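Have a look at the structure below before the remarks.
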């Protein structure tokens, strides 16, 4: 019997028990497992992107709607002359308890497609308060429809928000009808 050299006694022979065919089978199985894992990971990432886009649209749309609803409810009259309801510009006159007039305006910036909120003492002296929608989303359509019953004034809001994710357009509509509290 032949003695092993001193340096081979402590080193295990890793491949001593496997044939070439067994190695190919093991590598094929590992390749299938790793490929399945990578594909699952890609699907999860894509799903996460879509969920994030939906969340951005909803957060932006709900936030904008809540601000508009709150301001419109405080209103006493609609400024019909300076508003362009069909193209997404509405001016609302608010009178507080001390009879101080405040005019608020909602308008979509034609370049950035962001919904802006303005406020001031008159319709000609409005200051930008800030955007109501995020930069990740765009307002594709904003339509205001005034409703006047003779004794009550209301304003219907139709807001369409959109974003693009992976070259796919995602869009969602938001609706509300708000009665001006000081109109009745």
Worksheet entry | Distance in nm between pseudo-label sites at residue 148 and residue 170 (7 Å out along the Cβ direction from Cα) | 4.1 nm
Discussion item. Please list, short to long, the whole-number percent of alpha-carbon pairs of the range 70-174 in consecutive 10 angstrom bins beginning at zero.
Written reply: 14, 44, 29, 10, 2, 0
Item to complete: On a 0 to 90° scale, report how tilted helix 20-73 is relative to the longest principal axis of the chain, with both axes built from alpha carbons and the result rounded to the nearest 10.
Response: 10 degrees
Item to complete: Springs between alpha-carbon atoms under 10 Å, Gaussian network over the chain: tell me which of 22, 172, 94 tops the mean-square fluctuations.
Response: 22
Discussion item. Just to be sure I understand: with springs between alpha-carbon atoms less than 10 Å apart, which residue in 97, 81, 53 has the highest mean-square fluctuation in the Gaussian network model of the chain?
Written reply: 97
Worksheet item: Who wins for biggest fluctuation among 42, 103, 95 in a Gaussian network model of the chain, springs between alpha carbons below 10 Å?
Response: 42
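Each value in this text was obtained by applying a stated rule to the coordinates, not by laboratory testing. These figures come from a predicted structure and were not determined experimentally. Positions of Cβ are backbone-derived with ideal geometry, glycine not excepted, and every protein chain shown enters the neighbour counts.
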